[in-house]
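Beneath this line is the structure, given in structure tokens, with notes to follow.
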Amino acid sequence: MEHTLTKEEIRQEKNLVYKKTNVMTDNILSYCPGCGHGTAHRILAEVIEEMDIQDITIGVDPVGCSVLAYNFFNLDMQQAAHGRAPALATAIKRLFPEKFVFTYQGDGDLAAIGTAETIHACNRGENITIIFINNGIYGMTGGQMAPTTLPGMKSSTSPYGRDVQMMGNPLKITELVAQLPGTCFVTRQAVHTPSTVRRAKRAIRLAFEYQSKNMGLSFIEIVSNCNSGWKMTPRQSNEWMEANMLPFYPLGDIKVPEK
Amino acid sequence: MAKVIGDIVIDIERCKGCEVCIPACPHDVIALAKNVNGKGYHYAETINDKCTGCANCAIVCPDGVITVYRVKI
Ligand SMILES: Cc1ncc(C[n+]2csc(CCOP(=O)(O)OP(=O)(O)O)c2C)c(N)n1
Ligand code: SF4
Ligand code: SF4
Ligand code: SF4
């Protein structure tokens, strides 16, 4: 059915339903086209805007492709040494318990070099939120195998596919930290389709709400693509992720607070 | 019956032509342009008037370049 409104009549402030949040800066993201890092940043920023906590939130960004995240969030940010974001966030939260503190980390950062910091911050039950981007690979340095690389998955250091006999098994660190008494909320999400984005955003919102109630550490894994490292187009990478990553890393809550 | 109509504005100079918005749109409103932007990317553009302002495209866009409007008529 044809309508008669012109584009100018539709594009008015009163009809606005979605625009980029001001909790993101106007800097162009350094990520490859179609990389899930950008979407994950944006929903995190939207939660901070909707909760009106921009002035009282401190983020810690990692080493990895998101090392420059401080350029993209309109927030107070610190940049941690590789893998050390949970330790830095621990210090910040203990010094400023009234602030909201989050880390944003890739799988190389969180599940390889930073395994000790991750597990101990979770086990201590630091009252912070960890956002963990699992793209199954070291993106920034050229697509090397990570602890999260799937069995049989090709990477630049497993060109014939990950052989678990020689290279060990993938580490489901999210299931692992769910076992620890210090975590209150552990969930696995994705951001490649409208419905997964909406669910992931709700999970981030819950994590910040639990943080405001001092309930312990919230851990949100976001299974994401690294289309450059996987050597696929963005659309192919999202399809490949759905067919291969999600059966191994199923989406959903792993641990929720007791009512 | 109330009907909703929508429209989107794509910041074409910031668009990276990743196509992630294309399968997200239930009404096939978006396609990549033949032309390229200043960075050399084929940018996303609207190709019909069927937009309902659902914002699906905007919430999956990694670069946050889509603004969405919606009117009830
Ligand atoms: C102490 C130290 N060791 C190694 C590196 C090299 N390095 C930089 S990024 C990176 C891995 C990043 O991978 P991931 O955390 O999965 O993030 P992604 O780039 O995929 O988002 C490594 C090993 C470093 N910068 N510092
Ligand atoms: S290398 Fe991979 S993780 Fe890094 S920006 Fe590109 S697609 Fe994203
Ligand atoms: S707002 Fe909805 S209908 Fe309009 S272009 Fe975006 S996805 Fe398509
Ligand atoms: S998702 Fe965003 S960046 Fe990618 S093609 Fe669509 S508008 Fe451009």
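Values quoted throughout were computed directly from the atomic coordinates according to the rules given, and no laboratory measurement underlies them. Computed from a predicted model, the values in this text were never measured in an experiment. Here the Cβ is made from the backbone with ideal geometry for all residues, glycine too, and neighbour counts use every protein chain on show.
Ranked by Cβ crowding within 10 angstrom, fewest neighbours first, how are A:55, B:7, A:76, A:109 ordered? If I rank by nearby Cβ atoms, fewest first, I get A:55, A:76, B:7, A:109. Of all aspartates and glutamates in the structure, the ones whose alpha carbon falls short of 18 Å from that of residue A:201, not counting any fewer than 8 places away in one chain, are A:46, A:49, A:50, A:52, A:209, A:221, A:253, B:63. The charge dipole of chain B, taken about its Cα centre with unit charges on the Cβ of Lys, Arg, Asp and Glu (plus for the first two, minus for the last two), comes to roughly 140 debye.
Extension gain for residue A:175 to residue A:246 (0.36 nm times residue separation, less C-alpha to C-alpha distance): 24.1 nm.
Fewest Cβ neighbours within 10 Å first, please rank A:66, A:228, A:30 accordingly.
Values: A:66 27, A:228 21, A:30 15.
Fewest-to-most ranking of A:66, A:228, A:30: A:30, A:228, A:66.
Between residue B:37 and residue A:5, the distance separating the two model label sites (each 7 Å from Cα on the Cα→Cβ line) works out to 2.5 nm. Counting other Cβ atoms within 10 Å, which GluC sites (Glu not before Pro) in region A:56-139 have at most 15 and lie in a DSSP loop? Those satisfying the criteria are A:98.
Measuring r between the beta carbons of residue B:48 and residue A:74 and using R0 = 30 Å, the FRET efficiency lands at 0.30. Applying a DSSP loop filter and a limit of 10 other Cβ atoms within 10 Å to the trypsin sites (Lys or Arg not before Pro) in chain B leaves B:3.
Among B:61, B:25, the ranking by other beta carbons within 10 Å of each residue's beta carbon, starting with the fewest, stands as B:25, B:61.
Partner shielding of B:43-56 amounts to 2, given as the average count of beta-carbon atoms from other chains within 10 Å of each residue beta-carbon. With a cut-off of 12 Å between beta carbons, the residues surrounding residue A:229 carry a summed charge of +1, where Lys and Arg count +1 and Asp and Glu -1.
With +1 on each Lys and Arg Cβ and -1 on each Asp and Glu Cβ, how big is the dipole of region A:30-255 about its Cα centre, in debye rounded to the nearest 20?
So the dipole magnitude of region A:30-255 works out to roughly 340 debye.
Candidates A:33, A:45, A:143 compared by Cα position along the dipole of the protein assembly as shown: farthest toward the positive end lies A:143, with charges placed on Cβ. Think of it as helices only: each DSSP H run of n ≥ 4 in chain A is worth -39500 (n - 2.57), and spread over all residues that comes to -8500 deg cm²/dmol at 222 nm. Seen from residue A:76, the other residues with C-beta closer than 10 Å to its C-beta sum to a net charge of 0, counting Lys and Arg as +1 and Asp and Glu as -1.
Can you bin region A:30-255 into rounded, prolate or oblate? Criterion: square roots of the alpha carbon gyration tensor eigenvalues sorted a ≥ b ≥ c, rounded for a/c under 1.5, prolate for a/b above b/c, oblate for the rest.
Working: a/c = 1.65, a/b = 1.45, b/c = 1.14.
In terms of gyration-tensor shape, prolate.
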